[in-house]
Amino acid sequence: RPVLSENGKKGPVSGAQWPHHDIGDLLGEGGMAAVYLARRRDDGRLVALKILPARYADDAASRKRFEREAQISQAIDSQHVIKVWNAGRYGPLCYLEMEYVDGTSLGEDIKRRRESAEKPFTNDEVIELALQAAYGLMEAAKLNLVHRDIKPGNLMRTRNGVLKVADFGIVKIIGEEALTMAGTAMGTPSYMSPEQGRGDEVDARADIYSLGVVLYELLTLKQPFEEATADALIYQHHFVEPKLMTALVPDCTEALQAVVFKCLQKAQGNRYADAVTLIRDLNLLKGGH
């Protein structure tokens, strides 16, 4: 069988042969887990394995959050959300077996465009990507789920152009007792809604705000706020208005800017109430009206 290689990047588990998986290159890693390319030994299908290291697998709270991610992700039925097939444990390691996306994240796309001085995404491209992300969020919201970490790195795009929301690792179930302490900010500061920055309760509108930040960045290749520290970013999300995108990128239409800025409203009540209303306006833009 071919070597399980995508990018040549090796992790501690690369090359291992588990009872159900042959493990290859490291696809990515975050604060708590690493994701590897793997092949199922029974049917030869390529999958992504998200592996929780032993130091976290032995921690009850981390293990519970990891198991919860598996249950939550398996429940969401959308082509725009990365599917989790199975969860298991091998020795001291916990893992999730997930859909493997043969493509790149929007984070990688943005980085490449910045570094090669390419143009930002076009209005039509952004509308299409926004719609797909919003469809994924709409299905999550049906289960009362708030992702809480929508950012370009968690939006994967297949070679065929299908966008999929990844990583429900810090998802919030509305009405459920939190696994994190009240008043704790969860998310990535550059993309974090004002209420997340305060550590307040969140609902679907927090994900709408974060998606607005992503859309702003796709259209301009700049984040609305760029500061050196998390505190400075949180302050700006609270109190500073982003520069108009039409001033940064003349090709950006005022109609699309209006949709993005509605996502980026500081007050939750001024944003789109949910992904359904955002989808409605995006479809109007797509129709050219």
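Checking the cross-link filter: which lysines have an alpha carbon closer than 23 Å to that of residue 142, excluding same-chain neighbours under 8 positions apart? Cross-link targets: 64, 83, 151, 164, 172, 262. Please compute the modelled spin-label separation between residue 266 and residue 86, points set 7 Å along Cα→Cβ, answer in nm with one decimal. Using points 7 Å along Cα→Cβ, the separation is 5.1 nm.
Highest mean first, the peptides 73-79, 228-234 sorted by other C-beta atoms within 10 Å per residue fall in the order 73-79, 228-234. Extent along the principal axes, Cα only, for the stretch 19-147: 48, 35, 31 Å, with the longest axis given first. Under the simplified labelling scheme, the residue 227-residue 42 pair shows an inter-label distance of 5.1 nm, with each label point 7 Å from Cα along Cα→Cβ.
From most to least packed by mean Cβ count within 10 Å, the peptides 88-96, 149-157, 262-270 give 149-157, 88-96, 262-270. Computed over protein heavy atoms with a 1.4 Å probe, the accessible surface of the stretch 1-104 works out to 50 Å² per residue.
What FRET efficiency do you get for residue 18 and residue 63 if R0 is 25 Å and r is their Cβ-Cβ distance, rounded to the nearest 0.05? So the FRET efficiency works out to roughly 0.85.
Please label the shape of the stretch 59-108 as rounded, prolate or oblate, based on the square roots a ≥ b ≥ c of the eigenvalues of the alpha-carbon gyration tensor (a/c under 1.5 means rounded; beyond that, a/b larger than b/c means prolate, else oblate). Prolate, since a/c reaches 1.5 and a/b exceeds b/c. The listed peptides 277-284, 218-225, 241-248, ordered by packing as a protection proxy, come out as 218-225, 277-284, 241-248 (highest mean of other Cβ atoms within 10 Å first). Shape of the stretch 40-85 from the C-alpha gyration tensor: oblate (a/c of 1.5 or more and a/b not above b/c, with a ≥ b ≥ c the square roots of its eigenvalues).
Residues of the stretch 202-226 with backbone nitrogen within less than 13 Å of a virtual label 7 Å along the Cα-to-Cβ line of residue 235, please, listed as ranges. What the label zone holds, given the 13 Å backbone N cut-off, is 226. Computed over protein heavy atoms with a 1.4 Å probe, the carbon and sulfur contribution to the accessible area of the chain reaches 51%.
For residue 86, the residues whose modelled amide H falls within less than 5 Å of its own, excluding neighbours fewer than 5 places apart on the same chain, are 97.
Decide, for the stretch 1-90, between rounded, prolate and oblate: order the square roots of the alpha carbon gyration tensor eigenvalues as a ≥ b ≥ c, take rounded if a/c falls under 1.5, and otherwise choose prolate if a/b is larger than b/c, else oblate. Judged from the Cα gyration tensor, the stretch 1-90 comes out oblate (a/c at least 1.5, b/c at or above a/b). In this label model, residue 159 and residue 258 are separated by 4.1 nm, measuring between points 7 Å along each Cα→Cβ vector. Look at where the Cα atoms of the stretch 219-289 and of the stretch 18-37 average out, and the two centres are 35 Å apart.
Each residue of the stretch 137-146 was assigned a 3J(HN,Hα) from its phi angle through the Karplus curve 6.51 cos²θ - 1.76 cosθ + 1.60 (θ = phi - 60°); the sequence is 5, 4, 5, 5, 5, 4, 9, 6, 9, 10 Hz, with glycine and proline shown as x.
The values are calculated or read from the model by the stated rules, or taken from the named source; none is laboratory data. As the structure is a prediction and not an experimental result, all values here were calculated from the model. Positions of Cβ are generated from backbone atoms using ideal geometry, with glycine treated the same way; all protein chains shown enter the neighbour counts. Surface accessibility is based on the protein's heavy atoms, side chains included, excluding ligands, DNA and RNA. Shrake-Rupley method; radii C 1.70, N 1.55, O 1.52, S 1.80 Å.
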